[in-house]
Amino acid sequence: MRNWQLTETFTSTSGEVSWERLGDPGGEPVVLLHGTPFSSFVWRAVARSLARGHQVFVWDMPGYGASEKAEGQDVSLAAQGRVFAELLDHWGLDAPAVVAHDFGGAVSLRAHLLHGARYRALALVDPVALAPWGTPFFRLVGEHSAVFERLPPALHRALVREYVSSASHLGLRPAVLDRLVQPWEGDPGQAAFYRQIAQADQRYTDEIQDRYADIDIPVLLCWGQEDTWLPVARGRELAALIPHAQWEPIAGAGHLVQEDAPAELTTALVAFLQRPRGRSRT
């Protein structure tokens, strides 16, 4: 766990991005996108498992994890969608398989529907994709981000720990929770935490929601059945909007499916990625 490091960098239009490649360079490419307020760290177990048969790319979005955090930085969904398209071009990936969680789901959808990013297949894990979205806490902070930015560091850390903990149904191990919270500590991290919430805007999914019916690639939709951030009913609603989407509920898992049920999630992803090219079926 401690040796999860991203050793490569890319200069994007929203700041320096940290990324890493795992597995066989000749294997089928798979790109993993994290959500908010997380980082590529949440994919560590799944990424290493997928790397046994694929070339796996992981990255921290601008403003997250090990990537650049700066005052005035654009970390909105609009910016992240553009950055992802830039990154795919930098990697020279024409049509990789993409696996995206939470906020990363919206990023992958925007890159595909608005910026011409081509995917072989798309797996969405508890994605932010439909209105309304955001927990009550998320909305409260978004409305008063300037106030929360001034919290004493100890109170800020306690708040973030409680918030991140609530994404898991089973509870996070202390060392895992420490690692998930660490990027948001210190002056740059604390400011970045509230910056990403302040810039969250539902209009960025409203802009693409009517286009989900146009998606014509295989889609897998995984959802933690105990997700309290984005209820499972929202997932079923999304599955009905995407033609031929495969629905895969994950029992006993909350919003952080990667932490609550990594084996079950990996099994579903491997089966999906091993399917012949072509449209998925329900």
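FYI, it's all coordinate maths here, none of it is from the lab. The model shown is predicted, which means the values in this text are computed figures rather than measured ones. FYI the Cβ positions are ideal-geometry reconstructions off the backbone, even for glycines, and counts take in every protein chain you see.
Distances between placed amide hydrogens fall under 5 Å for ASP201 paired with LEU77, all partners being 5 or more residues away or on another chain.
Whole angstrom only: what separates the Cα centroid of the stretch 26-51 from the Cα centroid of the stretch 185-236? So the two Cα centres are separated by 17 Å.
Taking θ as phi - 60° and the Karplus parameters 6.51, -1.76 and 1.60, the scalar couplings of the stretch 51-62 work out to 5, 5, x, 9, 8, 10, 10, 10, 7, 9, 5, x Hz in sequence order, x denoting glycine and proline. Here the 3J(HN,Hα) profile of the stretch 18-25, calculated from phi with Karplus coefficients 6.51, -1.76 and 1.60 at θ = phi - 60°, is 8, 8, 8, 10, 10, x, 6, x Hz, Gly and Pro shown as x. If you sort the three axes of the alpha carbon gyration tensor as a ≥ b ≥ c, you get a/c of 1.5 or more for the stretch 210-277 and a/b no higher than b/c, which makes it oblate.
Once C-alpha pairs closer than 8 Å and six or more residues apart are averaged by separation and normalised to the residue number of the stretch 83-202, the relative contact order reads 23 percent.
Using a/c under 1.5 as the rounded threshold, could you call the chain rounded, prolate or oblate? The axes a ≥ b ≥ c are square roots of the C-alpha gyration tensor eigenvalues, and prolate needs a/b larger than b/c, oblate otherwise. Walk me through the numbers on the way to the answer.
Values: a/c = 1.39, a/b = 1.31, b/c = 1.06.
Verdict is rounded for the chain.
Close amide H pairs (under 5 Å, H built 1.01 Å from N) link GLU16 with GLU68, residues at least 5 positions away or on another chain.
Evaluate the relative contact order of the chain (contact order divided by residue number), counting alpha-carbon pairs under 8 angstrom at least 6 apart; express in whole percent.
18 percent
Of the peptides 99-107, 68-76, the ranking by mean beta-carbon count within 10 Å, highest at the top, reads 99-107, 68-76. Counting only DSSP beta bridges with both residues in the chain, the antiparallel share comes to about 30 percent. Its DSSP H runs of at least 4 residues, each contributing -39,500 (n - 2.57), put the calculated 222 nm mean residue ellipticity of the chain at -11500 deg cm²/dmol, to the nearest 500.
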